[in-house]
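One structure is given here, and the rest of the page talks about it.
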Amino acid sequence: MSMSRWNDAWQPLYDGLTRLKAGWPTRGWSWDSRLGCVTSSFTTEQEPKARTAAREILVNEWTSTTLVRAPQNVRDIAERSGGVRAGQLVFSAGPYSGLTAFGLWWPWGDGETVSLRIGLCDVDPAREPQVRFRDVFGVSF
């Protein structure tokens with residue numbers, strides 16, 4: 001998808017992402033260049049607050065067994081990230097005028113840490129709406 005101009009129909013998505021960031025239990029988001037998304041890690045003690053914050057916008061949830069019902073672009077992200085294993089979740093929001101956000105909830109093997117990666121499906125990283133997405137999280141690539 002080669003979106004280059006701002007679309008007002010995307011604003012509810014960015015408003016939700018702004019609320020997610022404001023309610024996030026840890027500071028700091030970083031850019032994951034492999035998947036073209038932001039990522040943040042937190043402890044399992046912070047998991048309830050992280051889940052609540054993520055639900056501000058990422059309202060659709062899939063597991064390894066329900067992912068087959070997700071939109072194709074969300075399934076593609078899950079596949080590119082290595083698939084969804086037991087205990088991992090895939091979230092999404094949208095589409096908002098063709099724009100879909102995804103979230104990858106990945107518990108670590110240590111039993112103490114979880115990561116959430118959030119990105120936009122099929123968007124050129126150098127163009128809108130990706131530029132504004134990175135601005136919301138305060139990251140650059």
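The values are calculated or read from the model by the stated rules, or taken from the named source; none is laboratory data. Please read all numbers here as calculations on a predicted model, not as lab measurements. Cβ sites come from the backbone with ideal geometry, for glycine too, and all protein chains shown count toward neighbours.
Worth pointing out:
- Selected residue (only one of 45, 79, 56 is buried (at least 16 other Cβ atoms within 10 Å of the Cβ) and either out of contact with any His (no Cβ under 6 Å at 6 or more places or on another chain) or more than 22 Å from residue 137 (Cα to Cα) (or both)): 56
- Filtered by the rule that a residue be of a type outside the set (Val, Ile, Thr) and either at pLDDT below 95 or in contact with a helix residue (DSSP H, G or I) (Cβ under 8 Å, 6 or more places away or on another chain) (or both), the stretch 96-106 gives 96, 97, 98, 99, 101, 102, 103, 104, 105.
- For the stretch 2-51, the set of residues classified as closer than 15 Å to residue 130 by Cα and among the polar types (S, T, N, Q) consists of 2, 4, 7, 11, 18, 30, 33, 39, listed by residue number.
- Consider the stretch 27-44 and keep the residues that are at pLDDT 95 or above and over 12 Å from the mean Cα position of the chain (by Cα). The one that is farthest from residue 108 (Cα to Cα) is 30.
- Residue selection: residue 102 fails the criterion of being surrounded by 15 or more Cβ atoms within 10 Å (Cβ to Cβ) and under 18 Å from residue 26 (Cβ atoms).
- Of the strands (runs of 3 or more DSSP E) lying entirely inside the stretch 45-141, those carrying at least 2 residues that are in contact (Cβ under 8 Å) with a residue 12 or more places away in the chain, under 12 Å from the mean Cα position of the chain (by Cα) and more than 18 Å from residue 23 (Cβ to Cβ) are 89-96, 99-107, 113-120.
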